[in-house]
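> This is the structure I have questions about; it appears just below.
We did not get these values from a lab; they are worked out from the coordinates using the rules stated. What you are looking at is a predicted structure, and each value in this text was computed from that prediction instead of being measured. Note that each Cβ is placed from the backbone with ideal geometry, even for glycine, and that neighbours are counted across all protein chains shown.
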Amino acid sequence: MSAPHRGQPATGATGAPPARSAAGASTTDQLQRALDRISRVRGVRGSMWVAAEDGIPVAQLLMEGVKGKAVAALAASLARKVSGAAAATGAGRVRFVQMEAAGGTLLVAPAAQDLLIVALADSRVNIGLVRLEMIRAAEAALA
Amino acid sequence: MADDVRSLTAALARDPASLAYADLAEALRRRGQRHEALQVTLQGLVRHPMHADGHDCLARIYADLGDLERARLAWSKALEIAPDHLGSLRGVAFLLFRQGDLAAAEAALRKLLARAPGDEGARRALEVVRAGGAPAAAAPAGAPAAGPGRRVTEPRLLSARRPEVFHGFDGATNDILLLDQRGLVLAGGLTDAEGHDASELAAAALAGVSGEAVRTAEYLGLDAWSAIVAEAEQANLVVAPVGDGALLLVRRDRSMAVGLALRFAERARGIALAWLQGQGA
């Protein structure tokens with residue numbers, strides 16, 4: 001796994017042994033490639049696949065110091081709350097969530113198989129670019 | 001509305017034993033005359049202690065007054081008398097939702113929908129509860145009156161009078177909502193696809209989002225959060241904190257670019273902040 005633009009990433013996939021698709025690429029490979037693309041965007045401090053239901057990381061590519069488990073749990077919880085609010089407001093199924101804060105941005109995109117793709121970025125990140133990569137990953141991975 | 005009150009008052013004067021007291025109380029409640037409504041209802045229930053509609057009305061008044069415990073007791077009494085009383089089933093369900101008891105709220109909503117499958121507000125509330133819910137903390141007993149439009153019951157009923165804070169904004173009364181940290185509506189409004197008021201339900205759900213955002217920002221060392229943007233299938237939502245504890249929701253059509261929606265929300269936020277400061281909040 002190659003490093004993001006700066007710092008030394010802590011990487012890894014968790015969970016069951018990787019399944020292989022018809023094309024031969026393992027699911028874990030697909031997930032990690034998606035994370036690699038997202039993490040190459042300047043300003044991204046980490047990205048991860050998270051089980052939506054319980055907020056546990058499935059695969060991750062993080063810079064040193066980023067608390068993966070906390071990011072995963074909080075992102076899943078936030079996504080759940082926002083989905084509930086979206087249902088209450090008649091907005092329908094949520095496709096992408098970004099939480100902006102003074103010190104950075106948390107981005108979440110629901111994907112197939114009850115997974116979320118999550119990115120944590122600093123406040124100067126090109127959100128449009130990260131969003132593009134995340135939605136592409138969410139639509140393509142595990143399809 | 002004034003004519004309703006006059007005619008109902010006259011009807012009750014002609015026949016003090018009439019059940020019209022409940023209609024009169026409801027008319028008064030909708031006008032914001034909650035204490036008068038309470039008097040009428042309590043007097044009516046002395047004559048008709050087994051009148052489920054009267055207990056239902058009493059519960060709504062207590063809910064408006066922020067006395068959720070008495071509201072719960074009154075709805076429980078109504079359901080003792082008439083187990084299928086739809087207004088009371090709805091009231092109990094939304095009360096439980098508001099208090100954060102999601103399991104009980106889901107059970108109550110299922111019960112309500114079994115008897116009233118067409119109740120769109122209940123169906124939507126059930127979706128919210130199943131999605132993990134986001135109830136606001138219960139308003140404490142004796143809390144300041146929530147205003148004529150703020151009820152924890154029947155989100156389908158449009159609130160009558162809310163401050164026109166966003167006058168001149170596109171969607172001022174149906175796409176922009178200002179609420180407090182307890183999930184109570186302050187101004188603006190939100191309607192569902194059928195044009196029914198969904199403000200109360202949305203406000204209750206959004207209060208949970210605010211708390212989650214604060215927690216997330218703190219844990220991750222992101223400092224204060226400034227906005228949440230949710231892109232959804234039917235609309236884009238922007239949620240932003242306003243001042244000390246208030247929250248703004250702006251709903252925009254999917255056709256509006258997210259960046260524009262954010263700018264629109266920022267303008268609305270400025271208006272809301274100025275208004276809150278003018279209220280001394």
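> Name the lysines eligible as straight-distance cross-link partners of B:Lys77: C-alpha to C-alpha under 23 Å, and not fewer than 8 places from it in the same chain.
The qualifying lysines are B:Lys111.
> Also, I was wondering about something else. Measure nothing fancy, just the Cα-based angle from helix B:34-47's long axis to the longest principal axis of chain B, in degrees from 0 to 90, nearest 10.
30
> Using 0.36 nm per residue, how much length does the chain from B:Glu233 to B:Arg263 gain when fully extended, once their Cα-Cα distance is taken away?
Details: separation 30, 0.36 × 30 = 10.80 nm, distance 2.07 nm.
Here the answer is 8.7 nm.
> Within 10 Å of each Cβ in peptide B:42-51, how many partner chain Cβ atoms are there on average? Round it to a whole number, please. Before the final figure, lay out the partial values.
Working: counts 0, 0, 0, 0, 0, 0, 0, 0, 0, 0.
Per-residue shielding by partner chains comes out at 0.
> Could you sort B:19-32, B:44-57, B:178-191 so that the peptide with the highest average Cβ count within 10 Å comes first and the rest follow in order? Before the final figure, lay out each step's value.
Values: B:19-32: 21.6, B:44-57: 20.1, B:178-191: 23.6.
Order by mean packing, descending: B:178-191, B:19-32, B:44-57.
> While we're looking at this one, here's another question. Quick one: what do you get for chain B if you divide its Cα Rg by 2.2 N^0.38 Å?
Numbers: Rg = 19.6 Å, N = 281, 2.2 N^0.38 = 18.7 Å.
Ratio of Cα Rg to 2.2 N^0.38 Å: 1.05.
> Want the number for B:Ala193 to B:Gln33: 0.36 nm per residue separation, take away the alpha-carbon distance, what's left? If you can, show how the numbers build up before the last one.
Details: separation 160, 0.36 × 160 = 57.60 nm, distance 3.03 nm.
Length gained between B:Ala193 and B:Gln33: 54.6 nm.
> Over all residues in A:72-82, what is the mean tally of Cβ atoms on other chains that come within 10 Å of each residue's Cβ? Write out the running numbers ahead of the final one.
Details: counts 0, 2, 8, 2, 1, 5, 7, 4, 7, 15, 15.
For peptide A:72-82, the averaged partner shielding equals 6.
> In nm, what is the difference between 0.36 nm times the number of residues separating B:Ala17 and B:Asp101 and their Cα-Cα distance?
Values: separation 84, 0.36 × 84 = 30.24 nm, distance 3.87 nm.
Answer, rounded to one decimal: 26.4 nm.
> Express the relative contact order of chain B as a whole percentage, based on alpha carbon pairs under 8 Å and six or more residues apart in sequence.
For chain B, the relative contact order is 12 percent.
> Just name one of B:Gly278, B:Ala207, B:Leu184: the one whose Cα is farthest towards the positive end of the charge dipole of the range B:175-278 (beta-carbon charges, Lys/Arg +1, Asp/Glu -1).
About the Cα centre, the residue reaching furthest to the positive side is B:Gly278.
> Quick check: Cα centre of the range B:94-118 to Cα centre of the range A:96-139, how many Å?
34
> While we're looking at this one, here's another question. Rounded to the nearest 500 deg cm²/dmol, what is the calculated helix-only ellipticity per residue at 222 nm for chain B, with -39500 (n - 2.57) per DSSP H run of length n ≥ 4? Walk me through the numbers on the way to the answer.
Values: 10 runs with 146 residues, N = 281.
Mean residue ellipticity at 222 nm (helix-derived): -17000 deg cm²/dmol.
> While we're here: Taking beta carbons within 10 Å but only from partner chains, what does the mean come to for residues B:267-276? The partial results should precede the final answer.
Numbers: counts 0, 0, 0, 0, 0, 0, 0, 0, 0, 0.
Mean partner shielding for this stretch: 0.
> Excluding residues fewer than 8 places away in the same chain, name every one of the aspartates and glutamates whose C-alpha is closer than 17 Å to that of A:Lys69.
Result set, ordered by chain and number: A:Glu53, A:Asp54, B:Glu212, B:Glu218.
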